[in-house]
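The values are calculated or read from the model by the stated rules, or taken from the named source; none is laboratory data. These figures come from a predicted structure and were not determined experimentally. Neighbour counts run over all protein chains shown; Cβ positions are idealised from the backbone, glycine included. These accessible areas exclude ligands, DNA and RNA; they are computed on the full protein's heavy atoms, side chains included. Shrake-Rupley method; radii C 1.70, N 1.55, O 1.52, S 1.80 Å.
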Amino acid sequence: MIKAFARYFIFLLVAAGLVYGGYRMLNPATSKPTPTEASESAHSDSVVLSDAKVDASGIELAKASSGVLRDSMLLNGIVQPNQELLVQVTPRFPGIVRDVRKRIGDRVQKGDVLAVIESNQSLTPYELKASLAGTVIHRQITLGEYASEQKPAFVVADLSTVWVDFSVYRRDLNRVSVGDQVLIDPADGGSQIDAKISYLSPVGSSDTQSAIARAVVPNTEQRLRPGLFITGRLALSAKKVGVAVKSSALQTVENRTVVFVRNGDKFEARNVEVGQRDPHLVEITSGVLEGDVYAAQNSFIVKAEMTKGAGGDEH
C-alpha cells in the first residue's frame, strides 16, 4: 500500500515537471532590454547636433515669444515714380542739339545743365537746365538731332519717394481703405517695408476689372526701382497671442505635431497643440514656453537626423 502510494506520488512529480518544462518552452521569459536598446528608446525623441553642425546645415534658431497674427491679403503691384516729384524738361525753342551733358541714371541738382541747343530762330545756343533735383529717368534727344518744343527732352524724377500701385480686384475693393497698413516685399533679400495706403482710385480698369490702391513709400536707399513688379501684404486685422513660432518650425513625427526645442547641444521633439495661424506665425497653446529656443528654419533637417536613429550620438 505504502509502495503504491510512493509510486503514485513520484508519478505526479514527474508529470508536473514535464508540464512546467513545456510551458517554459512555449512561453519563454521576456528578456531584459540591453543598455543600447534602453538608450535608443530613451532618446527616440531627441538628437544631438553641435553648434557647428547647426550652422553648417543652415538651421535657424529663434526664441518662442508673443506674436501678432495678421489676417491679410496679398496684392500685386508695380513701382512708379512719384508723379508729384517729376518734371519733363522741354526745349523753350526748337533747334539743333549741340551738346548733351546728362544721360539716363545721372543724378542732377536743380539748375544743372542737361543739354545745349542752338535755336533755329536766333541761331544762338541756349542751355536746357534741370528744374528739379533728382535722377534722369528718360532722355529723348541725341547730339546733332532736331529738338522740338513740343516734345520733352528729359524726364527728371526725385526717387527719394516712389508710388507703389497695387491692383485690387472688384471683389476685394470693399476690404481696402485709405490708411490700411501694407508690408511691401522688395524681393532683394532685405526686410519688408512698412507703408500705408494713401489713395484708392475712384475708377477701375475695364480690362482687368480692378482698381488702384496706392502707397507713397520712402525710398532713400533706392530699394524700389520704377518699372519693377512687386508684392505687398495688406493687413486686414491683427490678434496678439501669448506664444508663437514660425510656421516653418512645425514638423510631423509619428502623426504628432512637434517643434524641435534646443536644450544644450540637443534638439528635443516637443509635442505641441496649435491655435490660430497666419502665413508666417502659428500660435502654440501648449508644448512650448515663451523663451524656448527652437529650430525655426530648416527644421526638417533635425527631423531627418532624428529619423536616422541618431539618438544621443551625433552623426
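Could you please give the count of residues in the range 148-157 that are open to solvent by less than 40 Å² (accessible area, probe 1.4 Å) and in contact with a Ser or Thr (Cβ under 9 Å, 6 or more places away or on another chain)? Total satisfying the criteria: 6. Considering (1) in contact with an Asp or Glu (Cβ under 8 Å, 6 or more places away or on another chain); (2) in the same structural domain as residue 134 (by the TED database); (3) of a type outside the set (A, V, I, L, M, F, W, C), the lone condition that residue 152 does not fulfil carries the number (1).
Of all the listed residues (256, 270, 262), the sole one being surrounded by fewer than 19 Cβ atoms within 10 Å (Cβ to Cβ) and not polar (S, T, N, Q) is 256.
For first residues located in the range 176-187 and touching a residue at least 12 places away in the same chain (Cβ under 8 Å) and outside any loop (DSSP other than H, G, I, E, B), partners that are of a type in the set (Lys, Arg) and buried (at least 18 other Cβ atoms within 10 Å of the Cβ) and lie 6+ apart or on another chain with Cβ distances below 8 Å form the pairs 182/233; 183/233; 185/233.
Here the range 209-224 is the region considered, the condition is being surrounded by 11 or more Cβ atoms within 10 Å (Cβ to Cβ), of a type in the set (S, T, N, Q) and not in a strand (DSSP E or B), and the residue that is nearest to the chain's Cα centre (by Cα) is 219. Checked against (1) under 18 Å from residue 162 (Cα atoms); (2) open to solvent by 40 Å² or more (accessible area, probe 1.4 Å); (3) not in a loop (DSSP other than H, G, I, E, B), residue 204 meets all criteria but (1).
Across the range 64-99, the qualifying residues are those that are within 21 Å of residue 192 (Cα to Cα) and of a type in the set (S, T, N, Q), and the one among them that is modelled with the lowest pLDDT is 72. Taking the criterion of being in a strand (DSSP E or B), more than 15 Å from residue 156 (Cα to Cα) and open to solvent by 50 Å² or more (accessible area, probe 1.4 Å), the only residue of the range 79-98 that qualifies is 98. Among the residues of the range 103-127, those that are of a type in the set (A, V, I, L, M) and not in a loop (DSSP other than H, G, I, E, B) comprise 108, 113, 114, 115, 116, 117. Yes or no: residue 136 open to solvent by less than 20 Å² (accessible area, probe 1.4 Å) and over 16 Å from residue 86 (Cα atoms)? When the stated conditions are applied, residue 136 does not pass them.
Within the range 284-297, residues that are of a type in the set (Asp, Glu) sit with their Cβ atoms under 9 Å from residues that are assigned to a strand (DSSP E or B) and open to solvent by less than 10 Å² (accessible area, probe 1.4 Å), at 6+ positions apart or across chains, in these pairs: 292/245; 292/259; 292/261.
What do you reckon, is residue 216 at pLDDT 95 or above and either on the phi > 0 side of the Ramachandran plot or not assigned by the TED database to the domain that holds residue 181 (or both)? In short, no. Taking residue 61 as the residue in question, decide whether it is within 30 Å of residue 294 (Cα to Cα), surrounded by 11 or more Cβ atoms within 10 Å (Cβ to Cβ) and modelled with pLDDT under 95. In short, no. Kindly list, by first and then second residue, each pair from a residue in the range 208-231 that is within 15 Å of residue 82 (Cα to Cα) to a residue that is in a loop (DSSP other than H, G, I, E, B) and open to solvent by 50 Å² or more (accessible area, probe 1.4 Å), limited to pairs with Cβ atoms under 8 Å and residues at least 6 apart or on different chains. Cβ pairs passing all conditions: 223/188.
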